[in-house]
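Please read the structure below before turning to the comments.
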Amino acid sequence: MEKLRVMSVFGTRPEAIKMAPLVLELKKYEEIEPICCVTAQHRQMLDSVMEVFGLQADCDLNIMAPRQTLSSITCKCLTGMDDVIEEKKPDLILVHGDTSTTFAGALSAFYHQIPVGHVEAGLRTYDRYSPFPEEMNRKMVGAIAELHFCPTENNRKNLARENITEGVFVTGNTVIDALKTTVREDYHFATEVLNTLPYKSKKVILVTCHRRENYGEPMKNIMLALRQIAETHEDVELVYPVHLSPVVREAVQEYLAGAPRVHLIDPLPADEMHNLMGRCYMVLTDSGGLQEEAPALGKPVLVLRRETERPEAVAAGTVKIAGVDRDVIVSMASELIESNNAYEAMAHAVNPYGDGQACRRIAEAILWRFNRRAQRPEDYQSR
Ligand code: UD1
Ligand code: UDP
């Protein structure tokens with residue numbers, strides 16, 4: 001029997017971190033020929049992930065441009081994918097999540113009448129402009145995909161509300177599979193400043209912020225809140241690996257640079273980031289991925305957004321929505337810094353997003369869909 005040609009398409013840092021363990025898993029099956037296609041919507045941040053996980057791309061669209069627009073990413077991906085699909089003739093295309101690469105990858109597969117598997121399917125805020133443009137990207141890919149790999153039961157229910165009930169699997173999130181390979185007790189940081197931070201004697205707070213819907217006023221409020229938190233608490237150190245987006249870097253430079261006890265550093269390789277998260281006191285972020293990783297590592301998270309498509313850890317009590325109002329962010333962060341009770345109430349390890357077996361379930365679901373397995377994989381059940 002011919003091997004199944006399964007092409008994974010991804011382009012940004014978070015997609016790469018969450019697809020890497022799946023690409024590695026697919027290599028284990030003799031029935032599958034994995035093909036790795038990167039759009040390089042992100043260049044440096046993608047390459048860093050490829051290196052950490054030891055991945056090599058079979059095709060590289062190399063589309064990134066400084067200050068790229070949503071339309072330019074989508075158009076370049078679509079055009080580039082035509083040639084790649086013609087050449088590689090995949091039987092299935094896997095896309096991940098909600099980026100412009102995800103949408104264009106799925107649309108391109110559809111134009112070539114190739115089935116799409118959507119990894120991390122079914123997350124919703126039901127606000128089309130937040131996260132923007134990700135909410136709509138994810139929805140549109142849901143309409144195109146034939147296989148939907150939902151991290152949680154809640155995500156499956158979201159798809160059912162849109163009458164998507166065929167080809168739906170609850171697998172857990174592949175990010176938990178990735179975390180299991182990167183986090184180690186005895187980890188030694190290559191980024192020297194991370195070895196010297198006072199994890200025991202002070203409260204080291206990990207910060208990230210990059211989302212498009214936060215550009216402008218919300219990002220200014222967030223930066224000023226971070227500055228105030230650092231200025232008013234001598235027992236904290238803020239570590240902020242700043243995204244390479246020029247819009248983000250300009251806001252950080254204008255409102256946060258020079259604040260006491262604030263370490264502004266370049267983006268970290270994924271293994272460094274995960275181990276820093278494991279050692280920090282808490283996390284302030286607008287990132288999607290950090291909202292999934294930090295709870296698994298027992299770290300409280302304040303979300304610097306008005307909503308989240310990841311309500312499971314909020315329900316579990318380790319994540320709270322802080323919003324984008326300066327005073328509210330300062331007050332919620334201060335409570336967690338000053339009150340041991342408030343901190344302990346949030347700081348417990350929970351794994352609503354997976355058990356580290358998501359990639360195996362996805363691989364088995366693919367084999368089942370193509371009649372190479374008699375059994376559907378069991379669904380992931382959150383504890
Ligand atoms: C994208 C995703 C977002 C995801 C984020 C992860 C879309 C619409 N948005 O947003 O969902 O949360 O990635 O980080 O797909 N840049 C570099 N080098 C890099 C990466 C980015 O220089 O390695 C700069 C470039 O100037 C680029 C800009 O950052 O134009 C913005 O990148 P882009 O992918 O358009 O948007 P993100 O905000 O990163
Ligand atoms: N991350 C990283 N280095 C950094 C910042 C984030 O490796 O400097 C990782 C983080 O641990 C998570 C992913 O990147 O796995 C999240 O990506 P990002 O915040 O860019 O995007 P989002 O998850 O919001 O889409």
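The values are calculated or read from the model by the stated rules, or taken from the named source; none is laboratory data. In this text, all values refer to a predicted model and were calculated from it rather than measured experimentally. FYI the Cβ positions are ideal-geometry reconstructions off the backbone, even for glycines, and counts take in every protein chain you see. Protein only, heavy atoms only, side chains kept; ligands, DNA and RNA dropped before computing areas. Shrake-Rupley method; radii C 1.70, N 1.55, O 1.52, S 1.80 Å.
State the percentage of accessible surface on the range 157-314 attributable to carbon and sulfur atoms; use a 1.4 Å probe and exclude ligands, DNA and RNA.
Looking at the range 157-314 in its full context, I get 48 percent from C and S.
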**Request:** Lys and Arg at +1, Asp and Glu at -1: add these up for the other residues within a Cβ distance under 15 Å of ALA374 and post the number.
**Result:** +1
**Message:** Quick check for you: with a 1.4 Å probe and neighbouring chains kept, what is the accessible area per residue of the chain, in Å²?
**Reply:** 41
**Message:** Let's test this: bin the Cα-Cα distances of the range 24-151 at 5 Å from zero up to the farthest pair and state each bin's percent.
**Reply:** 2, 10, 19, 23, 23, 16, 5, 1, 0
**Request:** Give me the angle, in degrees from 0 to 90, between the Cα long axis of helix 270-279 and the longest principal axis of the Cα atoms of the chain, rounded to the nearest 10.
**Result:** 40
**Request:** Work out Dmax and Rg for the range 94-173 from the C-alpha atoms and quote the Rg first, both in angstrom.
**Result:** 11.3, 31
**Complete:** For ILE144 and GLN253, extending 7 Å from Cα along the Cα-Cβ vector and measuring point to point gives, in nm, a value of 3.5
**Fill in**
Net charge (Lys, Arg +1; Asp, Glu -1) of residues whose beta-carbon lies under 13 Å from that of LEU24, LEU24 excluded, is +3
**Message:** What number results when the radius of gyration of the chain, computed over Cα atoms, is divided by 2.2 N^0.38 Å?
**Reply:** 0.96
**Item:** Value of D in µm² per second that Stokes-Einstein yields for the range 1-85, Kirkwood Rh from Cα pairs, at 4 °C (1.567 mPa s)
**Value:** 97
**Asked** Counting only protein chains, not ligands or nucleic acids, how are ASP47, ASP271, ASP177 ordered by accessible area (probe 1.4 Å), most first?
**Response** ASP47, ASP271, ASP177
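Grab the DSSP H runs of the chain that are 4 residues or longer, score each as -39,500 (n - 2.57), total them, divide by all residues and round the 222 nm result to the nearest 500 deg cm²/dmol. Don't jump to the answer; show the numbers that get you there.
Numbers: 16 runs with 171 residues, N = 383.
Only helices count here, giving -13500 deg cm²/dmol.
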**Request:** Go through 375-382, 120-127 and give me the packing order, highest mean Cβ count within 10 Å leading.
**Result:** 120-127, 375-382
**Fill in**
A correct Stokes-Einstein calculation for the range 218-342, using the alpha-carbon Kirkwood radius, 25 °C and 0.890 mPa s, returns a whole-number D in µm² s⁻¹ of 166
